[in-house]
């Protein structure tokens, strides 16, 4: 069961990366991990760095995929994103958080799905 869930997630991230590229995003990094958390996809949308959380569900038994990106998950993503920004020092100061929902009804992109909780200087 756990192995199947991991495979569903990997397949979803692969579909998500292709979807983003088809919509003009440039993939910078996938599955970024640091001690603070993980980011599924880091991409560039024009001059904006985008941290993308990909959520995949085979059924709606536990709700819609995007509903699982709760406040706690957002905080972990934000911390990992700030770590990436500080260590990578990209030439762009704009960034946002998108959620990519992949379910039986298709793929939905939620641009600017949540905001960072504070102001940061890089």
Taking the condition surrounded by 13 or more Cβ atoms within 10 Å (Cβ to Cβ) and within 16 Å of residue 110 (Cα to Cα), does residue 48 pass?
yes
Does residue 79 satisfy being at pLDDT 90 or above, farther than 20 Å from residue 20 by Cβ, within 14 Å of the chain's Cα centre (by Cα) and not in a strand (DSSP E or B)?
yes
What do you reckon, is residue 3 at pLDDT 90 or above and either assigned to a helix (DSSP H, G or I) or within 12 Å of the chain's Cα centre (by Cα) (or both)?
no
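The values are calculated or read from the model by the stated rules, or taken from the named source; none is laboratory data. As the structure is a computational prediction, the values presented were derived from the model and not from experiment. Every residue, glycine as well, gets a Cβ built from its backbone with ideal geometry; the counts of neighbours run over all protein chains shown.
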